[in-house]
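*Asks:* I'd like to ask some things about the structure below.
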Amino acid sequence: MLDIENLVYRYRRKGPPVLDGFSLRLESGGIYGLLGPNGAGKSTLLYLITGALTPLEGRVTLNGTDTRRRLPATLSDIYIVGEETLMPRMRLSEYVRHTAPFYPRFRREVMDKCLETFGMTADVRMNNLSMGQKKKIALSFALACDTPVLLMDEPTNGLDIPAKAAFRSLCAELMTDERIIIISTHQVRDLDQLLDHVLMMNDRRLVLDRTVAELQSKLSFARGVSREVAENSLAYIRTPGGYDVMNPATAGEEESELNLELLFNTTLSDPERINKLLNP
């Protein structure tokens, strides 16, 4: 259980708050998408969860322990993949030898499988890689650590289309009921088929906190409809193939595939409307 209670955080003492009274509870067994525009506070929240940043008010606890205490047992339970992938001047095999002992659940066979899926090997020099290759290395090591809490900040940045598909497949395969995976991104199309739970941040607050199952039971999505149909829908966006639309689901209607981009745009523009619809 990860509890985030009434967090307040500023980067400058007299600056505007990045988070202001932010609260959230996350349970094991879910892949959470943390979505929001640039500057919404997503990255800040991840580093507050790890204990690397100290809130002005509030706290984050993992199974009752304040993560800001940075206890060894807590540190070994949390792993974060930052948006920037700075690599040491060594081979990956050396890095694993020095770093893996800090994560008692680390499984070398999992890392090797991830590397193979990404088309990489453990004998590469970590600093002599492209941005995308560095991201593949970072994700492979992170997934192999098997920590109860795995945080990833913009993990698909720098990945090509096949690598993005491989990332989604690996996350789904390695997810367990004992893990919490939080993926922070503004590239919502990369996560459509992966998430169990959708969190959206804007203006220093949480504007949506729903399971994918809840969203699919209350909302209906369709793709490639006509302009006339779109203009009579709850929300729509223009696409090359016509219009994608969102409407309230009707009784007995078959569940549709979640359109995360459309939900994201609509929620950011009018969160009260969407939450009222989800809480009739």
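*Asks:* For region 43-163, report the translational diffusion coefficient in µm²/s to the nearest whole number, using Stokes-Einstein at 37 °C, 0.692 mPa s, and a Kirkwood Rh over Cα pairs.
*Replies:* The estimated diffusion coefficient comes to 216 µm²/s.
*Asks:* In terms of modelled amide H atoms, which long-range or inter-chain residues lie less than 5 Å from the amide H of Leu53?
*Replies:* When sequence neighbours closer than 5 places are left aside, the close amide H contacts are Leu48.
*Asks:* Can you spot the lysines whose alpha carbon is less than 25 Å from Lys276's alpha carbon? Ignore those fewer than 8 places along the same chain.
*Replies:* Reachable lysines: Lys42, Lys218.
*Asks:* Helix 108-118: angle to the longest alpha-carbon principal axis of the chain, degrees 0 to 90, nearest 10?
*Replies:* So the helix axis and the longest Cα principal axis differ by about 50 degrees.
*Asks:* If I fit a long axis through the Cα atoms of helix 161-174 and take the longest principal axis of the Cα atoms of the chain, what angle between them do I get, 0 to 90°, rounded to 10?
*Replies:* 80
*Asks:* Averaged over all directions, how much area does the convex hull of the C-alpha atoms of the chain cover when projected, in nm²?
*Replies:* 16.3
*Asks:* Compute the acute angle (0 to 90°) between the alpha-carbon long axis of helix 131-145 and the principal axis of greatest extent of the alpha-carbon atoms of the chain; round to the nearest 10°.
*Replies:* It works out to around 80 degrees.
*Asks:* From Cα pairs below 8 angstrom and at least 6 apart in sequence, can you work out the relative contact order of region 3-122, rounded to a whole percent?
*Replies:* 20
*Asks:* Would you mind pulling out the separation of the Cα centroids of region 134-193 and region 1-67, in Å?
*Replies:* Here the answer is 20 Å between Cα centres.
*Asks:* What ranking, highest mean first, results for peptides 114-125, 136-147 when packing means the other Cβ atoms within 10 Å averaged over each residue?
*Replies:* The most tightly packed comes first, giving 136-147, 114-125.
*Asks:* Find the percent of Cα-Cα distances in region 213-278 that exceed 15 Å, and round it to a whole number.
*Replies:* Distances greater than 15 Å cover 48 percent of the Cα pairs.
*Asks:* Return the Cα extents of region 1-95 along principal axes one, two and three, sorted largest first, each rounded to a whole Å.
*Replies:* Per principal axis, max minus min of the Cα coordinates gives 43, 29, 25 Å.
*Asks:* Same structure, new question: Could you go through region 22-31 in sequence order and give the Karplus-derived ³J(HN,Hα) for each residue, using 6.51 cos²θ - 1.76 cosθ + 1.60 with θ = phi - 60°, rounded to whole Hz, and x for Gly and Pro?
*Replies:* These are the phi-based 3J(HN,Hα) values: 7, 9, 6, 10, 10, 10, 5, x, x, 9 Hz.
*Asks:* Still on this model: When DSSP assigns beta bridges and you keep just the ones with both residues in the chain, what percent turn out antiparallel, to the nearest 5?
*Replies:* Around 60 percent antiparallel, to the nearest 5.
*Asks:* Excluding residues fewer than 8 places away in the same chain, name every one of the aspartates and glutamates whose C-alpha is closer than 13 Å to that of Lys136.
*Replies:* Here the aspartates and glutamates satisfying the reach criterion relative to Lys136 are Glu83, Glu84, Asp112, Glu116, Glu154, Asp160.
Only the coordinates and a few stated rules stand behind these numbers; no lab work does. The model shown is predicted, which means the values in this text are computed figures rather than measured ones. So basically every Cβ, Gly included, is an ideal-geometry build from the backbone, and we count neighbours across all protein chains shown.
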